[in-house]
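Asker: Sharing a structure here in structure tokens format.
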Amino acid sequence: MLSANVEQRVNIKFLTKLGKSATETFNLLTEVYGDKCLSRTQVFKWFKKFKEGRKYVGDDTKIGPSFHCENSKECGEGR
């Protein structure tokens, strides 16, 4: 089963292929998903990616460990 976000990305990709605009895509997703719809910014971001040829609808993988600062000294501040 697809997550709600991935399901919406599949629909964004489909609507992009149909030649819909980003605004039309957002409006259609809002009509279908209501308050569970991706934000306008996210819809436009994914629309642009698919318009530019992206095929994969999954999340981008992060490379390397995440970085977390415990204090300003570790983060390089105060030098």
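No value in this document is a laboratory result; all are computed from the given coordinates. This one's a predicted model, so the numbers in the text were calculated from it and none came from an experiment. Neighbour counts are summed over all protein chains in view; Cβ atoms, including those assigned to glycine, are modelled from backbone coordinates with ideal geometry.
Asker: On a straight-distance basis, which lysines could pair with residue 62 in a cross-link, Cα separation under 23 angstrom, same-chain partners fewer than 8 positions away excluded?
Answerer: 13, 45, 48, 49, 51
Asker: Pop out the ³J(HN,Hα) list for segment 40-50 in order, Karplus 6.51 cos²θ - 1.76 cosθ + 1.60 with θ = phi - 60°, rounded to Hz; leave Gly and Pro as x.
Answerer: Working through the residues one at a time gives 4, 4, 5, 4, 5, 4, 5, 4, 4, 4, 6 Hz.
Asker: How large is ³J(HN,Hα), in whole Hz, for each residue of segment 20-32 in order, when computed from phi with the Karplus curve 6.51 cos²θ - 1.76 cosθ + 1.60 and θ = phi - 60°, using x for Gly and Pro?
Answerer: Per residue, the Karplus-derived 3J(HN,Hα) values read 6, 7, 4, 5, 4, 4, 4, 4, 5, 5, 5, 5, 7 Hz.
Asker: Rounded to the nearest 0.05, what FRET efficiency do residue 56 and residue 18 give with R0 = 25 Å and r taken as the Cβ-Cβ distance? Could you check?
Answerer: After rounding to 0.05, the efficiency reads 0.85.
Asker: Using a 10 Å cut-off around each Cβ, can you sort 50, 44 from fewest to most neighbouring Cβ atoms?
Answerer: Sorted ascending by nearby Cβ count, the order is 44, 50.
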